Amino acid sequence: MTTLHKKTILIKALTVMLILCIAFIFLGCFNHTSSSSDNPVSDILRLHIRANSNSRADQEVKLVVRDHVLQFLKVELEDTVGVEAAMQTMRRLLPQIRQISTDTLLRQGFHFAATAHVDTIFFPTVRYQYYTLRRGYYRALIIELGAGTGSNWWCVIYPPLCYVSIHDGGSGGVRYRSFIWDRIRRSS
């Protein structure tokens with residue numbers, strides 16, 4: 001084997017090792033999976049709403065509560081910078097969030113209250129069209145309606161990946177939009 005051939009093999013081996021090292025570093029930087037509630041995914045705050053039961057009425061009112069809470073949070077979190085500031089805001093707003101949720105239930109004819117608290121809980125992996133939220137422990141604003149034993153609804157409230165826009169066209173409806181998709185469309 002010639003000296004040139006040995007140098008070529010050595011350079012190829014070093015290149016492969018360098019690429020593997022860079023790949024491990026890169027994957028480590030973007031791995032948001034956590035195995036412990038003591039080490040939650042640190043840059044995301046989620047909203048988790050648990051319905052009273054799986055009855056059709058309880059599932060429908062869960063979405064009405066969602067609309068009112070997200071409308072309130074959109075305004076309150078508008079100028080928030082950083083997940084820690086969002087957490088502080090959530091803790092400060094817990095009484096108002098409970099009240100908005102309970103008032104919404106009462107206006108819709110339900111005779112049970114809502115609770116709200118901030119906790120770190122496990123979420124499964126969810127894939128959206130342009131991004132994936134890996135399974136793991138996340139900090140979350142948790143709203144339980146009544147017994148809170150029904151199917152749930154959740155989204156990411158910080159950074160604002162879901163938010164509410166009220167239509168002005170007389171429909172009075174609510175439209176959910178993706179913060180990420182809006183940014184992608186604006187930059188194209």
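Laboratory data are not the source of any read-out in this text; all were calculated from the coordinates shown. In this text the structure is predicted, and so the values were computed from the model without any measurement. Backbone-built Cβ (ideal geometry, glycine too); neighbour counts: all protein chains shown.
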- prompt: For the pair Thr2 and Val83, how long in nm is the line joining their label points, each one 7 Å along Cα→Cβ?
  reply: 5.6
- prompt: Which value in nm describes the separation of the simple spin-label points at Val75 and Trp153, placed 7 Å from the Cα toward the beta carbon?
  reply: 2.0
message: Sorting check: for 58-68, 43-53, 73-83, which peptide has the highest mean count of neighbouring beta carbons within 10 Å, and how do the rest follow?
response: 43-53, 58-68, 73-83
